[in-house]
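In what follows, a single structure is set out as structure tokens and then discussed.
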Amino acid sequence: MTTNRLRTRLAILGTAAALILTTGTVCANSAESAIPSSDQLQAQHEQKQEHWRHGDHGKGREHREARKLEHLQKAAVYFGITTEGKTAEQLQEELKAAIKKNPTKWEKFKAEKKAERLARLQEKATRLGIQTQGKTAKQLREEIHAACKEHGMKKDQKEKSKSYSAS
């Protein structure tokens, strides 16, 4: 029998033994505690679904809308527009008008934001040991992504080797 098959069978047997042991404990405790109602189980299920539904893993639409409002407020402050009590749509309309009125200021704002992004990318690249000299934001993003992906692969390999050595 191959080693992998043996490990698989041992894992299955171990899991079965653990389930049998916990069943006895659960049966002993079931008299003391009530089983959750179907409404409670449904609520838990919906909560888990909502967590994974959006790309922000649980932050959802409200989080994205709050971030959008935050970005619009920063741009509005830059253009000298008051933000107090205004919705995202109102700010967006006022910003469109301000951009049409002063396109050079808009270009300057975009350049500043691009420089801030590049600085954050350079800082992260430096922490990862990536050379930043003369590289564009796109190049840095690609190298950071590759480094993180490689690090994730190494981490997965270490975890697999640990699980094999523990068996």
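Here, each number is a calculation from the coordinates, and none is a lab measurement. Predicted, not measured: the structure shown is a model, and the values here were computed from it. With ideal geometry, Cβ positions are generated from the backbone for all residues, glycine too; neighbour counts draw on all protein chains shown.
In this simple spin-label approximation, L6 and A137 carry label points 7 Å from Cα along the Cα→Cβ vector, and these lie 5.6 nm apart. Work out the charge dipole of region 91-153 with +1 on the Cβ of Lys and Arg and -1 on the Cβ of Asp and Glu about the Cα centre, then indicate which of I130, A147, N102 is farthest towards its positive end. Result: N102.
Exceedance of the 18 Å cut-off in Cα-Cα distance is limited, within the set K108/K138; K124/K149; K74/K110; K86/K108; K74/K124; K68/K101, to K108/K138; K86/K108; K74/K124; K68/K101. Computed packing ranks the peptides 11-22, 124-135 as 124-135, 11-22, most packed first, by mean other Cβ atoms within 10 Å.
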